[in-house]
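The values are calculated or read from the model by the stated rules, or taken from the named source; none is laboratory data. Predicted, not measured: the structure shown is a model, and the values here were computed from it. Here the Cβ is made from the backbone with ideal geometry for all residues, glycine too, and neighbour counts use every protein chain on show.
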């Protein structure tokens, strides 16, 4: 993957500056060198963390710099595609070549380059900013009338790390508690790095309390770092960890089953997958038998198709996508890798799927532009 990126980024630098008119050879060489230098800075940082020489406290910051450079090149690719389309259209439709010259003008490129750096930096700032509560009604099939109005707070993809620190976690916990949910769910990717590196920044999660409990299911990032240690740590903090397990809650005389399922990462053996369990849908379905309504916490929304086919799940709550990060990027890149599910509410057969945009994101791709992070409060409704 790093080799592929190392080939693509220099090509983007050439694509940016070679067609530009009114540049001297020296100006063109200087601009190409600067852009390529930035590309190789990003690649150098990626290599640093992949070599696994550094402590995670350092790696997290290395990832953040890499992510900043990567976002710039994502924005650059979008600009280059738009510039090329504009140039082609002007060549085909305009009677003179003046407009075509503008598209390959030095001024347009210079303005775009500055805008890309500023937008990427703003996107990183947006990604690190603590999220706010977003409350919404959510219709759940087969929901008994007695459970209409139950409030479920969703904290997905916190990705707690040495970059985000404990103050951000504390701010999120305070926001959740102020929303007075009936139960709180965390559908995976709570932390990055090992317990020794990031455990202290997750400490405020122990303050989470709700009348019907706080329930957690693993995400793929838990599988990358000290899976067993993290799950044990979350249990010591008082969180209800569900590893292919189901809890039955009695609410207003009705039984609500809440299940947590293993992540799909366990099905693709890779060197950086260290522990964790494969999803076992039949097991959690068996555990939910006899309940009035069944909520499944499944980190990746791709599990929705199997869950809906079972006919035994009424609501699946997922994260993983971070809402797609960037407008345009969300639909063109993130959606295809997640069966079309990016953020918000979906109807999958007779099941409702809710995909949270997430309360955080991985340090290696932290930017958000047009897609806000969120603490979701779902108010369950019969209709």
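Tabulated data for the structure shown
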{"read-out": "Of residues in segment 56-81 being over 18 Å from residue 123 (Cβ atoms) and out of contact with any helix residue (DSSP H, G or I) (no Cβ under 7 Å at 6 or more places or on another chain), the one modelled with the lowest pLDDT", "value": "58"}
{"read-out": "Pair list, Cβ < 7 Å and 6+ apart or interchain, from segment 1-27 residues that are over 16 Å from residue 109 (Cα atoms) to residues that are at pLDDT 75 or above", "value": "9/39; 9/73; 10/36; 10/39"}
{"read-out": "Residue within segment 118-127 that is part of a strand (DSSP E or B) and buried (at least 20 other Cβ atoms within 10 Å of the Cβ) present", "value": "no"}
{"read-out": "Restricting segment 357-383 to residues that are touching a strand residue (DSSP E or B) at 6+ places or on another chain (Cβ under 8 Å) and within 14 Å of residue 189 (Cα to Cα), the residue that is surrounded by the most Cβ atoms within 10 Å (Cβ to Cβ)", "value": "358"}
{"read-out": "Residues of segment 302-336 classified as part of a helix (DSSP H, G or I) and either crowded, with 24+ Cβ neighbours inside 10 Å or within 17 Å of the chain's Cα centre (by Cα) (or both), total", "value": "15"}
{"read-out": "Flag for residue 266 being closer than 17 Å to residue 354 by Cα and in a helix (DSSP H, G or I)", "value": "no"}
{"read-out": "Flag if residue 153 is in the same structural domain as residue 307 (by TED's automatic domain parsing), surrounded by 13 or more Cβ atoms within 10 Å (Cβ to Cβ), modelled with pLDDT of 95 or more and touching a strand residue (DSSP E or B) at 6+ places or on another chain (Cβ under 6 Å)", "value": "yes"}
{"read-out": "Residue check, residue 250 modelled with pLDDT of 95 or more, surrounded by fewer than 16 Cβ atoms within 10 Å (Cβ to Cβ) and on the phi < 0 side of the Ramachandran plot", "value": "yes"}
{"read-out": "Segment 82-103: number of residues that are touching a helix residue (DSSP H, G or I) at 6+ places or on another chain (Cβ under 7 Å), assigned to a helix (DSSP H, G or I) and at pLDDT below 90", "value": "8"}
{"read-out": "Segment 222-236: number of residues that are within 20 Å of residue 152 (Cβ to Cβ) and out of contact with any strand residue (DSSP E or B) (no Cβ under 6 Å at 6 or more places or on another chain)", "value": "0"}
{"read-out": "Close pairs from segment 365-378: first on the phi > 0 side of the Ramachandran plot, partner part of a loop (DSSP other than H, G, I, E, B), Cβ under 6 Å, at least 6 apart", "value": "370/327"}
{"read-out": "Qualifying residues in segment 343-356 (those that are buried (at least 21 other Cβ atoms within 10 Å of the Cβ) and free of Cβ contacts under 8 Å to residues at least 60 places away in the same chain) - the one farthest from residue 117 (Cα to Cα)", "value": "353"}
